[in-house]
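Student: One structure follows; several queries about it will come next.
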Amino acid sequence: MCDGAIGREAHAHVHQSARSLGKRLMDIGVTLVLLVATAPILALAALAIAVSSEFPIIHRRRVVGLRGKLFDAFKLRTMVHDADGALQRSPILRAAFEQNYKLHGDPRVTPVGALLRKWSIDELPQLVNVLQGQMSLVGPRMVAPEELAKYGAYADELIQARPGLSGIWQVSGRQALDYQSRVALDMDYLRTWSLGKDLKIALLTPWAVVTRKGAL
């Protein structure tokens, strides 16, 4: 493995969405507005986490970015301390997680965390990742290095673009979809990408969050 990247995938071509000046300007402009607008919500959420389960407040998830470069995606911590260790110590939980990289009714999620996840508030710190150019407001699903195998021959296509804070999966069923359906949606998004499609997905995302469409 290369430093900060995944083998040969680091040399993958860049998707047209990653080269689009219009997309990047939209990312920066909308993200700055959202950071200001959601600052009070983030502050209250951080306080609730600190009071209910102490520190840390931010969870860093190592994921695969553009050209296979690894980075830490920021989230508000919604799980108990040593959640990864708890997963590894339970063969049943680990097997269920490795099937879809999601757990229905995850017992590691705290009560405060469940509320934050319900309204996708835990994802708001990823706006910082968008500003840093590691993510986009709209893009393919963010995946961990070990998840790339789930994409098979499509893995090289996936890392041609920045992962999205939202995406076609967000407005098409979210976590209720099986993994192969998520892969198919990502590939369709990349192959038919346009700035207009990004705008449509961005406008539909708040409705998907409010209605909790496919949320766990």
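Throughout, read-outs are computed from the coordinates displayed, never taken from laboratory work. From a predicted model like this one, the values you see are computed outputs, not experimental measurements. Neighbour counts are summed over all protein chains in view; Cβ atoms, including those assigned to glycine, are modelled from backbone coordinates with ideal geometry.
Student: Would you order Ser20, Ser136 from fewest to most other beta-carbon atoms within 10 Å of each residue's own beta-carbon? Write down the numbers at each step before the final one.
Tutor: Working: Ser20 17, Ser136 26.
By the 10 Å Cβ count, ascending, the order reads Ser20, Ser136.
Student: Follow-up. About its Cα centre, what dipole magnitude does segment 7-211 give when the only charges are +1 on Lys and Arg Cβ and -1 on Asp and Glu Cβ, stated in debye to the nearest 20?
Tutor: Numbers: 25 positive and 18 negative charges, 49 e Å.
Value, rounded to 20: 240 debye.
Student: Listing Phe97, Phe71, Phe55 from the residue with the fewest other Cβ atoms within 10 Å to the one with the most, what is the order?
Tutor: Working: Phe97 15, Phe71 20, Phe55 10.
Ranked by crowding around the Cβ, least crowded first: Phe55, Phe97, Phe71.
Student: Distance cut-off 20 Å, Cα to Cα: go down the list Lys23/Lys75; Lys23/Lys118; Lys150/Lys197; Lys75/Lys102; Lys75/Lys150 and report the pairs above it. If you can, show how the numbers build up before the last one.
Tutor: Details: Lys23/Lys75 23 Å; Lys23/Lys118 28 Å; Lys150/Lys197 25 Å; Lys75/Lys102 16 Å; Lys75/Lys150 23 Å.
Over 20 Å apart, Cα to Cα: Lys23/Lys75; Lys23/Lys118; Lys150/Lys197; Lys75/Lys150.
Student: Determine the gain in length on full extension of the stretch Arg60-Asn100; use 0.36 nm per residue of separation and subtract their C-alpha separation, reporting nm with one decimal. Walk me through the intermediate numbers first.
Tutor: Numbers: separation 40, 0.36 × 40 = 14.40 nm, distance 2.01 nm.
Value of the extension gain: 12.4 nm.
Student: Show the residues, 5+ positions off or on another chain, whose built amide H is closer than 5 Å to the amide H of His59.
Tutor: Amide H neighbours of His59, under 5 Å, 5+ apart: Lys75, Leu76, Arg77.
Student: What's the Kirkwood radius of segment 49-118 in Å, using all Cα pairs?
Tutor: 13.3 Å
Student: Moving to a separate point now. State to the nearest 20 debye the size of the charge dipole of segment 48-117 about its Cα centre, where the only charges are +1 on K and R beta carbons and -1 on D and E beta carbons.
Tutor: On the way: 12 positive and 6 negative charges, 65 e Å.
Charge dipole, segment 48-117, about its Cα centre: 320 debye, nearest 20.
Student: So, one more: Using just the helices of the chain, give the 222 nm mean residue ellipticity in deg cm²/dmol: DSSP H runs with n ≥ 4 each add -39,500 (n - 2.57), and the total is spread over all residues, rounded to 500.
Tutor: Numbers: 9 runs with 102 residues, N = 216.
Helix contribution divided over all residues of the chain: -14500 deg cm²/dmol.
Student: Could you tell me which residue out of Pro91, Gly68, Leu195 lies farthest along the dipole of the chain toward its positive end? Charges go on the beta carbon: Lys and Arg +1, Asp and Glu -1, centred on the Cα centre.
Tutor: Leu195
Student: May I pose another question? Between segment 13-90 and segment 119-154, what's the alpha-carbon centroid distance in Å?
Tutor: Each part reduced to its Cα centre gives a spacing of 8 Å.
Student: What size of dipole, in debye to the nearest 20, comes out for segment 98-216 about its Cα centre when the only charges are +1 on Lys and Arg C-beta atoms and -1 on Asp and Glu C-beta atoms?
Tutor: For segment 98-216, the charge dipole is close to 440 debye.
Student: Convert each backbone phi in segment 206-211 into a coupling constant with the Karplus relation 6.51 cos²θ - 1.76 cosθ + 1.60 (shift: θ = phi - 60°), then list the ³J(HN,Hα) values in order as whole Hz, x for Gly and Pro.
Tutor: With the stated coefficients, segment 206-211 comes to x, 5, 5, 5, 4, 7 Hz.
Student: Sequence gap at least 6, Cα distance under 8 Å: using those rules, report the relative contact order of the chain to the nearest whole percent. Mind showing how you got there, number by number?
Tutor: Numbers: 306 pairs, mean separation 52.3, N = 216.
Relative CO of the chain lands at 24 percent.
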